[in-house]
Amino acid sequence: MAIEQPLYCPLSHAREIRVLEILSHPGQEMVTCRLHTVSLDSKPYFVCLSYVWGNASVREEIIADGKPMQVTVNLAAALRSIKKHWIEIQNEAGGVVDVSRFRLWADAVCINQDDLSERSAQVQLMRDIYSSADFVLAWLSLDDQPLSGAFEMMKHVLKAMKDYSEVGGEQLPDLDDPALEMDKALARFKSSEWAEFLRDSLGGSYASLCENERQFRDSDPWNSLINLPALPFWCRIWTQQETVLARKLYYLCPSKRLSSSKFVAAIHSLLALLRGLADVEPKAYFKVRQLVTLIGNILVFVKLRHFNHDRDLQRLHMLRVSFISMKATDPLDYAYGLLGLSGLDIVTDYTRPVCEVYVEYSHKLIDMWQLYCKRISFGRETGCLCFLQSCAAGINRDQNLPIWASAFSTEETKRATSTLFRGKDDRISRGVPQLQNCPPVSVVGTSLWVTAVKAQTITSQYPRPLSPEFFCDKNSLVDCIQSFLTSHGPTYVNGESLLTVLCCTLLGRQEGQYNIRKLCHYLSRIGSFNSRIFEKIDKQGLAFAQKGLGQETIIEDQVVPGTMLSRCRLVSTEDGYIGLTGEDVREGDVVCVLAGCNAPAILRPESGHYLFVGCCFMLGFMDGEVADLLKDGRAKVEVVEVR
């Protein structure tokens, strides 16, 4: 009896990869394909697939080299459609289409996932694979229905851009020209004149945007635009790298496709209209604001390859985003998923313990961040500890990590609150020479050594943690406000109204006149407005409360931060500073400003060293004000060991 040959034969050369030849016809239910081994050194022709695996427990069968193989449903759907898109792209380019040339690289099939050694070696090649491909096909979803309206809307915007340029006596440049400076090409599509032109072009679609309803109808193309940012594709750590490395990129679903440059141009130009809306009805306010936020989030993702020409700035951005919202199936992928862009000198090895890899990653990240900042003339320490704000292991650490090291937790509340504790770049240490001209942040063994300004000590906590219910319960919110007014008085330590500061703190925002007015109106709508509490609000703020928005809109505006701040606590210090931090805080913890961290940090003294508790939001320490405490002798600078 003949011995059946395995599907995968070992790759014999460090630069070898496998590529797929899809034998089945587009749309054919059963996908059949053949694997070919090629060397990147020979510059073979192939395209790459960028996609999300999807639910690994739900599988579908394909045939590879005559053998059945189980792949995720999303990948199977992509393999059914991808050849059709390739043929159409070749037809658009002109000339004779030779279908036999089509070769595809897709990780789940082209890498032997059961061979950890091969997997490690192939991941190390990711940068070369995606940058060598003729183009990359970014598969957004296997389902057309939720996305077709969004693609049609973007095509409508692109046509309007062409018409607007011609009305002005100019031609819209070729957006797919690789030499095009996208930011300059799109500069004209930020004006109020463009927004008015697009509004007229949209006609009935614009009318539905402004309808006095809290949500878009299912059939509304604006609803498709809301579906677009919700796709898992945008938060997968590998897709960040894959799409940036691509020489040419297309976003697609089964029946729709748009080049990356046109995708960026359409979203960028559409935002000019949405951000400038002045005639939106009260109930429509929240859905428009939500649309602006979600589309803006996509723009941050997709524009990087077009707008960021400075490689070091690009790398700094990729290092930063890996901590905030990216997701991965394998815990090691958080460390390995951006190596092709970050430049971190780490050897991919899926046999290593997670804790060992995360400590090395944190160490190399600090060193590399300092190097990049030096090259682009930033302060050496600027942002090198940005991971403390989003994914440090913390007091309740897992995987045997040091408390300060990157844990890349996928816990949603931890990731959400990190975005609220971010300072604005290096403003927290601006004007503080003790943090600008200090010993470099360093890692020795498993200890982090960093210069710290020890500013305040936590003396009390507000007893009730924050939650969506906290913001919606009129008694909870009013009791909190009254409690702080009683204990702190009407004026904050920096001279601002305590009420304004408290509102900004509850919402995690540094500026808040607009927010305090909305809070005032919100409380008046739920029957808890007390003129004595709000006597510090100016007349314009009270007028806003009288005029106001609908109750549902105001509640939504408070519930969103309430959801993000679940399990956070309000704290006070000995001098009356009020802050917002995680639930692990205790009385006696020290509020510090650390070199390289853009938000105040809370450290816990313990036997000659410190434990990292978490970052916090504390007005009075977000904009370099700690310099005044140092001048007055009320704060102390020290190089501390954090374990």
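The values are calculated or read from the model by the stated rules, or taken from the named source; none is laboratory data. Since this is a predicted model, take the numbers as computed values, not measurements. Cβ sites come from the backbone with ideal geometry, for glycine too, and all protein chains shown count toward neighbours.
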Filter region 439-464 down to residues that are outside any strand (DSSP E or B) and buried (at least 20 other Cβ atoms within 10 Å of the Cβ), then give me how many there are. 1
Every residue in region 584-643 that is within 24 Å of THR500 (Cβ to Cβ) and aliphatic (A, V, I, L, M), please. VAL585, VAL591, VAL593, ALA599, ILE602, MET618, LEU619, MET622, VAL626, ALA627, LEU629
VAL300: passes all of (1) over 16 Å from MET153 (Cβ atoms); (2) surrounded by 18 or more Cβ atoms within 10 Å (Cβ to Cβ); (3) out of contact with any Ser or Thr (no Cβ under 6 Å at 6 or more places or on another chain) but (2)
Taking the options PRO68, PRO26, PRO44, name whichever one is touching a helix residue (DSSP H, G or I) at 6+ places or on another chain (Cβ under 6 Å), over 21 Å from PHE233 (Cβ atoms) and of a type outside the set (Lys, Arg). PRO26
So which strands (runs of 3 or more DSSP E) stay within region 1-76 end to end and still have 1 or more residues that are over 22 Å from GLN90 (Cα atoms), touching a residue at least 40 places away in the same chain (Cβ under 8 Å) and in contact with a His (Cβ under 9 Å, 6 or more places away or on another chain)? 16-22
Out of curiosity, is ASP584 in a loop (DSSP other than H, G, I, E, B) and either under 30 Å from THR457 (Cβ atoms) or at pLDDT 90 or above (or both)? yes
Specify the residue that is nearest to TYR130 (Cα to Cα); the eligible residues are those in region 228-256 that are hydrophobic (A, V, I, L, M, F, W, C) and in a loop (DSSP other than H, G, I, E, B). ALA246
Looking at VAL585, VAL626, VAL639 in this structure, which one is in contact with a Lys or Arg (Cβ under 8 Å, 6 or more places away or on another chain) and either under 28 Å from TYR372 (Cβ atoms) or touching a residue at least 24 places away in the same chain (Cβ under 8 Å) (or both)? VAL585
Unmet requirement for GLN241, which otherwise passes all of (1) surrounded by fewer than 21 Cβ atoms within 10 Å (Cβ to Cβ); (2) farther than 20 Å from LEU294 by Cβ: (1)
In the list ALA407, ALA392, which residue meets the criterion of being under 24 Å from ALA56 (Cα atoms), more than 14 Å from the chain's Cα centre (by Cα) and at pLDDT 80 or above? ALA407
Of the residues VAL96, VAL71, only one is modelled with pLDDT of 90 or more and not polar (S, T, N, Q); which? VAL71
Going by the structure shown, is ALA284 modelled with pLDDT under 80 and in a loop (DSSP other than H, G, I, E, B)? no
So, in region 320-348, of the ones that are in a helix (DSSP H, G or I) and of a type in the set (S, T, N, Q), which residue ends up modelled with the lowest pLDDT? SER322
Evaluate the following for ALA185: is it of a type in the set (A, V, I, L, M) and over 18 Å from ARG275 (Cα atoms)? yes
So which residues in region 207-227 are at pLDDT below 85 and not in a loop (DSSP other than H, G, I, E, B)? ALA207, SER208, LEU209, PRO221
Residue list for region 8-58, restricted to those being modelled with pLDDT of 95 or more, of a type in the set (Gly, Ala, Ser) and within 34 Å of the chain's Cα centre (by Cα): SER50
I'm trying to understand the selection: among the residues of region 605-642, which are in a strand (DSSP E or B), surrounded by 20 or more Cβ atoms within 10 Å (Cβ to Cβ), of a type outside the set (A, V, I, L, M) and on the phi < 0 side of the Ramachandran plot? TYR610, PHE612, CYS615, CYS616, PHE617
Of all the residues that make up region 166-180, how many are under 17 Å from LYS248 (Cβ atoms) and either surrounded by 12 or more Cβ atoms within 10 Å (Cβ to Cβ) or touching a strand residue (DSSP E or B) at 6+ places or on another chain (Cβ under 8 Å) (or both)? 4
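Condition check ((1) aromatic (Phe, Trp, Tyr); (2) surrounded by 15 or more Cβ atoms within 10 Å (Cβ to Cβ)) across all residues:
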| residue | (1), (2) |
| --- | --- |
| ALA14 | no, no |
| ILE17 | no, yes |
| MET30 | no, no |
| SER57 | no, no |
| THR72 | no, yes |
| TRP105 | yes, yes |
